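The values are calculated or read from the model by the stated rules, or taken from the named source; none is laboratory data. Since we're looking at a predicted model, the values are computed, not measured. For neighbour counting, all protein chains shown are included, and Cβ atoms are generated from backbone atoms with ideal geometry for every residue, glycine included. Quick note on the areas: whole protein, heavy atoms, side chains included, nothing else; ligands and nucleic acids left out. Shrake-Rupley method; radii C 1.70, N 1.55, O 1.52, S 1.80 Å.
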Amino acid sequence: MTSIRIQGGPPIKGRCHVPGDKSISHRAVMFAAIAEGVSRISNFLDGGDCRQTVRVMRRLGVNIEEQGPTELLVHGRGLDGLQEPDDVLDCGNSGTTIRLLAGLLAGQQFTSFLTGTDQIRRRPMGRIVSPLRAMGASIIGRQGGDHAPLAINGSSLRGMEYDMPVASAQVKSCVILAGLYAHGLTVIREPGPARDHTERLLAAMGAPLAVYGSTVHCERPTEPLQALDIAIPGDPSSAAFLAAAAAIVPDSSITIAGVGVNPTRTGFLDALAEMGARIEYRNPRERSGEPVADLDVSAGELRGATFGGEQIVTMIDELPVLAVVATQAQGRTVIQDAGELRVKETDRIATTVSELRKMGAKIEPLPDGFAVEGPVRLMGGTVESLGDHRLAMALIVASLAAQGPTTIYGSEVTADSFPGIESTLQALGADLEVRP
Ligand code: S3P
């Protein structure tokens, strides 16, 4: 277990990058595997979760060449070319891996078994098992199929109309992938704008997929999916931590280059701007069908605000760090309609509240979010990641603004999604030391 010691106070300044987008990295490898031809993936996220997807896809018979830690060549096997794995597929800590893979495997002509860490085995799987079963999938799992391990006996699937009860890109993507193997049309209606990387990438590969507002239609391709060169944008969810630090540590001013600004992912930047931070999108461009920009962020007078409704899904992974920003804003910030936080890597309502209170935050848990009173002077101390990468990084941001030194235990989990956050912050001027 490693820890990080941070002395709060120094502003962060300069230009930086963030690693490739985690959601797109998973999808790029999985979809390239069922395309025909060789796909080149650059700026792949060399983090724990995405590495697990690479391992699992190799177990399904896919040849993945590494031309460096972030450059992959994936030799596609075609829609029906995956092979029965000779062992259980270990999805590690990755919800995206297990949930998307379940959709991909439900319609194969072989059997597979999916499991992961104890953290992943605690997370709900009924949300994917139930629509997959409605399409004809044969899946068993613990507690009636709500928990991994999952055993998937590949079977013939039929398209269906599905009204998603929760706005979740993992559920939507799982059903779309099953829809590629189903007879007939699959129609999915989502209650909120969950990230649409699956739709963009599959459509670019030539899949018969159409989006009409909040409805996705897809069906089995009659032509092979085409291999692509995929240049993955910087992850806006990783950029959020740097942007938050720049917004709350006085005198900070940074540029984060090459960040994905897909509108299904920019809720946090919108929230930060609404609270008074100065944010500019510069040099807008497109990278492999995804909008990208350089972000200038600097500290400003922050004020509390209320966030809820459809905006929540566009910043779901950023809510712990939004709570940190709220501790430095004038007045009350309320985050509501975010009950999904309870079923992430940890119960992020409980863990964010417990760790931020140790630093003096005035934060109350709500059944579906939190309420924060600010501004408070955060105090350094000792806090824990509790095995949750986004909590660890939210605590790093809080420590940068705190008085006195903070030690964050279990900080190695940051590498799940943002390997190198420590050196990135050091290069921007943060007083931060990693201790083995
Ligand atoms: C993800 C979707 C979100 C998000 C997760 C990644 C994805 O989860 O929290 O970090 O890549 O599809 P849900 O689909 O459970 O909301």
Give the shape of segment 288-341 as rounded, prolate or oblate, defined through the alpha-carbon gyration tensor: a ≥ b ≥ c are the square roots of its eigenvalues, a/c under 1.5 means rounded, and otherwise the shape is prolate if a/b is larger than b/c and oblate if not. oblate
Kindly express, to the nearest 10 degrees and within the range 0 to 90, the angle between helix 95-106's C-alpha long axis and the longest C-alpha principal axis of the chain. 10
Could you tell me the largest-minus-smallest coordinate of the C-alpha atoms of segment 22-219 on each of the three principal axes, in descending order and whole angstroms? 41, 36, 29
Amide H to amide H, which residues 5 or more places from Leu225 or on other chains are under 5 Å from it, using H placed in the peptide plane? Glu36, Leu79
Determine the calculated [θ] at 222 nm for the chain from helices alone, applying -39500 (n - 2.57) to every DSSP H run no shorter than 4 residues and normalising by the residue count; nearest 500 deg cm²/dmol. -9000 deg cm²/dmol
List the trypsin sites (Lys or Arg not before Pro) in segment 331-436 that DSSP assigns to loop (not H, G, I, E or B) and whose Cβ has at most 15 other Cβ atoms within 10 Å. Which are they? Arg377
Using the alpha-carbon atoms, what tilt in degrees (0 to 90, nearest 10) does helix 22-33 show relative to the longest principal axis of the chain? 20
Once you have the Kirkwood Rh of the chain from its Cα pairs, apply Stokes-Einstein at 37 °C and 0.692 mPa s and quote D in µm²/s. 151
Given backbone amide H placed at 1.01 Å from N, residues whose amide H is under 5 Å from that of Gly331, ignoring those fewer than 5 places away on the same chain, are Gly304, Gly374
Acute angle (nearest 10 degrees) that the helix 389-401 long axis makes with the longest principal axis of the chain, alpha-carbon atoms: 20
For segment 332-391, count the residues as N, evaluate 2.2 N^0.38 Å, and divide the Cα radius of gyration by that value, please. 1.09
Looking at the chain only, what percent of DSSP beta bridges run antiparallel? Nearest 5 please. 70
Relative contact order of the chain, defined on C-alpha pairs under 8 angstrom at six or more residues apart (%): 20
Roughly to the nearest percent, how much of the accessible area of segment 8-102 is carbon and sulfur, given a 1.4 Å probe? 43
Taking a 23 Å limit on the Cα-Cα distance, which of the listed pairs Lys13/Lys362; Lys22/Lys362; Lys22/Lys344 fall beyond it? Lys13/Lys362; Lys22/Lys362
Note on segment 291-380: contact order normalised by length, alpha-carbon pairs under 8 Å, 6 or more apart, percent, works out to 31
What is the pair-distance distribution P(r) of segment 264-370, computed from all Cα-Cα distances in 5 Å bins starting at 0, with each bin given as a whole percent? 2, 12, 22, 22, 19, 12, 8, 3, 1
Per the 1.4 Å probe, what fraction of the accessible area of segment 168-293, in percent, lies on carbon and sulfur atoms? 49
So how far, in whole Å, is the C-alpha centre of segment 4-78 from the one of segment 206-256? 13
Phi-based couplings in Hz for segment 326-335 (Karplus 6.51, -1.76, 1.60; Gly and Pro marked x): 4, 5, 9, 9, 6, x, 9, 10, 10, 10
Residue-normalised accessible area of the chain, given per residue in Å² at a 1.4 Å probe: 35
